[in-house]
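Reviewing the structure listed below.
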Amino acid sequence: MLEKGVPRADREGLGPDSTDAAGILDYWVDIMGIHPDEMPDGVVQNVLDRAEFRGPNTACNLRSTGIESSYDEFGYTFHRARFDDFLRSRAEEAGAHYRVEASVADVDADRDGHPRHVLTLASGEEIGADYLLLCDGPQRTVTMGVLDEFLPDHRAASQVLSPPTANHIAYQEYRKFPEEIYEQVQDAIVFWWGLMPGHTAYPWIFPNRDQVCRVGLTMPIGMDIDAVEDRESYDLLRPEDERIPQGATYIERLLEREYGDAYDLSDFPIVEDAGKSRGTETYPISSTRPIASPVDAGVAVCGGAMGTTSAFHEGGDHLAVRTGEIAGRLAAEGKLGHYNHEWQAAVGDELLRNVSLSELVRGWTPTRGTRCSESARRCWPMGGRTRCSPGARGPACGARSYSASTS
């Protein structure tokens with residue numbers, strides 16, 4: 001295993017350049033194949049009992065995914081750097097050799113050669129391999145060059161999977177919340193739909209321990225504010241905005257909108273010894289459909305590099321772990337040719353959900369989202385066991401008030 005290695009404020013030494021909102025839903029536990037009870041203390045941060053979806057003036061709470069699972073809770077949030085360290089220890093226990101500061105500079109692929117692949121590291125060292133597993137995430141810094149060798153010029157991976165068009169950008173901050181507000185969200189993941197423009201663009205709050213929450217957002221790369229229709233309908237835009245706001249600006253506006261009646265921004269300080277750098281993280285998210293791998297050439301693309309991250313909800317850790325496990329096992333057995341079939345059988349339903357929902361909400365406006373919530377309320381009347389419960393929030397503790405709706 002070759003890892004470039006990057007520093008993080010919350011990790012000693014170099015490790016993977018992997019950042020995300022770090023949350024797992026109940027049935028994702030089974031897809032991933034790792035139960036949280038297997039993880040060391042400190043990996044799991046908070047156990048969740050719901051997801052809150054808030055719009056401009058409606059809200060709902062989802063208390064069940066409706067999918068059978070061996071995990072009894074709704075989900076959990078986790079510490080990403082500790083999770084990565086845990087996965088590394090599992091790989092090493094299984095016999096993998098893990099090298100940090102081993103950046104891959106070039107790959108020469110020859111399906112008829114022995115070995116079929118020769119990797120050149122930044123140090124100049126060359127490594128030969130018959131099987132190559134590409135797990136370099138949505139930036140695909142190595143993957144695109146390798147795949148280009150097997151594709152025609154008019155369908156080059158460096159064009160089809162180019163990060164500026166195939167990815168979204170995400171930004172999050174680690175902030176310490178006032179106790180009263182933290183108590184409201186410590187067992188929930190919270191999403192806001194219809195507050196900012198862009199396909200599947202939204203802010204969120206994911207709770208960690210000790211009153212710390214990750215406040216973040218995702219949006220398409222390179223958006224033009226002049227192309228946004230009905231700008232006034234998006235609460236996080238301002239008439240004076242000449243360009244799409246920066247992530248930090250969006251987060252400040254979100255906190256002011258939600259809690260500004262009773263709190264100042266200074267009541268939500270950034271925790272500078274958390275996250276990747278000074279309490280903040282900026283990272284790409286794969287927002288494309290998954291690709292098959294050229295397994296006949298001894299190449300398997302896994303996780304975010306192959307596009308398993310959902311373009312709808314941006315979740316993908318469970319799929320990255322599962323596809324990587326499948327590829328690693330098959331390579332060790334000399335059966336990598338089965339990879340495309342096996343990952344489709346294992347995670348195909350989840351990927352179909354992700355792609356379908358992403359396309360379903362393409363072009364949605366804040367008004368469309370509100371109508372969807374109202375329709376869901378009529379479809380799922382309250383009473384008995386339902387998947388959703390009223391999401392009304394009162395003015396207690398300075399929280400913004402919403403009308404009740406379910407979806």
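The values are calculated or read from the model by the stated rules, or taken from the named source; none is laboratory data. Note that this is a predicted model, so its numbers are computed, not measured. So basically every Cβ, Gly included, is an ideal-geometry build from the backbone, and we count neighbours across all protein chains shown.
What the table shows:
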item	result
So Gly113, is it buried (at least 22 other Cβ atoms within 10 Å of the Cβ), small (Gly, Ala, Ser) and either more than 17 Å from Ser310 (Cα to Cα) or within 19 Å of the chain's Cα centre (by Cα) (or both)	no
Hey, Met382 surrounded by fewer than 21 Cβ atoms within 10 Å (Cβ to Cβ) and either out of contact with any Pro (no Cβ under 7 Å at 6 or more places or on another chain) or modelled with pLDDT under 95 (or both) or not	yes
Residue match in region 110-133 (condition: in contact with a His (Cβ under 6 Å, 6 or more places away or on another chain) and outside any loop (DSSP other than H, G, I, E, B))	yes
Residue under evaluation Glu180, criteria (1) farther than 30 Å from Asn61 by Cα; (2) more than 26 Å from the chain's Cα centre (by Cα), criterion not met	(1)
Filter result (under 16 Å from Asp108 (Cβ atoms) and in contact with a Leu (Cβ under 9 Å, 6 or more places away or on another chain)) within region 140-167	Val142, Thr143, Met144, Val146, Leu147
Those residues of region 112-128 which are free of Cβ contacts under 8 Å to residues at least 60 places away in the same chain and under 16 Å from Ala297 (Cα atoms), in sequence order	Asp112, Gly113, His114, Pro115, Val118, Gly128
Test for Leu48: is it of a type outside the set (Val, Ile, Thr), within 22 Å of the chain's Cα centre (by Cα) and buried (at least 20 other Cβ atoms within 10 Å of the Cβ)	yes
Selection count where residues are of a type in the set (Val, Ile, Thr), in a helix (DSSP H, G or I) and buried (at least 16 other Cβ atoms within 10 Å of the Cβ), scope region 161-195	2
Selection within region 244-259 - surrounded by 14 or more Cβ atoms within 10 Å (Cβ to Cβ) and assigned to a loop (DSSP other than H, G, I, E, B)	Ile244, Pro245
All positions within region 196-239 that are among the hydroxyl-bearing types (Ser, Thr, Tyr), more than 13 Å from the chain's Cα centre (by Cα) and in a loop (DSSP other than H, G, I, E, B)	Tyr234
Qualifying position, being outside any helix (DSSP H, G or I) and either touching a residue at least 12 places away in the same chain (Cβ under 8 Å) or of a type in the set (Phe, Trp, Tyr) (or both), among Ala311, Ala320, Ala305	Ala311
